[in-house]
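Comments concern the structure below.
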């Protein structure tokens with residue numbers, strides 16, 4: 001596994017273990033695309049110029065799905081790792097929905 005994929009998996013585990021964003025939480029609280037929207041915000045942030053990043057520091061994007069206090073961009077690579085982990089969380093959420101519908 002590449003370092004990038006390892007870092008995404010570690011970030012997802014951190015989100016679960018440290019932040020408490022468990023699969024049960026994701027299923028109950030983020031059923032309207034919030035995880036994918038948050039991932040897109042971090043990915044977009046990573047693609048912005050240094051000037052753009054600096055002038056908007058501290059302000060969450062308009063499409064950010066949660067309170068501003070949860071918007072925590074850092075450097076470009078870290079922002080992409082966060083985006084990747086949020087994408088994984090959304091894919092896993094969708095997979096759980098599909099598995100439940102198959103077993104019903």
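Figures for the structure shown
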item	result
Residue 30 being within 25 Å of residue 94 (Cα to Cα) and in contact (Cβ under 8 Å) with a residue 60 or more places away in the chain	yes
Residue match in region 72-83 (condition: free of Cβ contacts under 8 Å to residues at least 12 places away in the same chain, exposed (fewer than 14 other Cβ atoms within 10 Å of the Cβ) and over 16 Å from residue 39 (Cβ atoms))	yes
Residues that are closer than 17 Å to residue 79 by Cβ and surrounded by fewer than 16 Cβ atoms within 10 Å (Cβ to Cβ), drawn from region 10-22	10, 14, 19
From the options 60, 36, 4, residue that is in contact (Cβ under 8 Å) with a residue 12 or more places away in the chain, under 22 Å from residue 95 (Cα atoms) and surrounded by 11 or more Cβ atoms within 10 Å (Cβ to Cβ)	36
Which listed residue, of 25, 30, is modelled with pLDDT under 95 and crowded, with 17+ Cβ neighbours inside 10 Å	30
Subset tally (residues that are under 14 Å from the mean Cα position of the chain (by Cα) and outside any helix (DSSP H, G or I)) for region 11-22	4
Pick from region 87-104, criterion within 15 Å of residue 31 (Cβ to Cβ) and touching a helix residue (DSSP H, G or I) at 6+ places or on another chain (Cβ under 7 Å), ranking: surrounded by the most Cβ atoms within 10 Å (Cβ to Cβ)	89
Members of region 23-38 that are closer than 20 Å to residue 68 by Cα and more than 9 Å from the chain's Cα centre (by Cα)	25, 26, 29, 30, 31, 32, 33
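The values are calculated or read from the model by the stated rules, or taken from the named source; none is laboratory data. Predicted model, so just to flag it, every value in this text is computed and none were measured. Because the Cβ atoms are built from the backbone with ideal geometry, glycine has one as well, and the counts that use them run over all protein chains shown.
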